[in-house]
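The values are calculated or read from the model by the stated rules, or taken from the named source; none is laboratory data. Bear in mind that the values here come from a model prediction, so they are computed numbers and not experimental data. Positions of Cβ are generated from backbone atoms using ideal geometry, with glycine treated the same way; all protein chains shown enter the neighbour counts.
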């Protein structure tokens, strides 16, 4: 039997990291839709700023990272500890944790988050351009066939399909990133 000090897990892995790895999205106020009960129309699961605890105001579930994993995967306390140890490369079930593995895993998470944030920003900018082009197409369209179309109208007509395609490609990539976390 392997003895694992749970305080090491609680100190090493924050609730926000657990949520990110297991695909639970947290809003700016630290709330998420609760994965433990259905019918959660508004976010009721609070992830506390200290990063160590959670509480659902809808179903009353609460606790630390270990309890969260237990409830999320419907597994025992021991299985949750082993899952966190494995998923976060803590190395607790081996003789000594390999610090390079832990750093590598955390760096992968950080890199993935940076890439996702960059894609979200690019998506926002493309959506703004797309709205501008749609407005230009609708409002600047020449009414008289002999009238010269304005430059923005011509640019919008030429580029609207390309912008739409790029927006869809980014949305697909973000969707893939989110679904590959689990």
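Among the helices (runs of 4 or more DSSP H) lying completely within region 65-182, list those that include at least 1 residues that are out of contact with any helix residue (DSSP H, G or I) (no Cβ under 7 Å at 6 or more places or on another chain) and at pLDDT below 90.
Filter on region 65-182 gives 77-87, 99-139, 151-179.
Quick one: which residue in 29, 70, 79, 11 is surrounded by 14 or more Cβ atoms within 10 Å (Cβ to Cβ) and not assigned by TED's automatic domain parsing to the domain that holds residue 171?
Just a single option satisfies the conditions, and that option is 70.
Quick check, is residue 64 in contact with a strand residue (DSSP E or B) (Cβ under 7 Å, 6 or more places away or on another chain), under 25 Å from residue 102 (Cα atoms) and without any contact (Cβ under 8 Å) to a residue 60 or more places away in the chain?
Criteria met by residue 64.
Output the number of residues of region 34-44 satisfying the condition of being farther than 20 Å from residue 75 by Cα and crowded, with 18+ Cβ neighbours inside 10 Å.
Here the count works out to 2.
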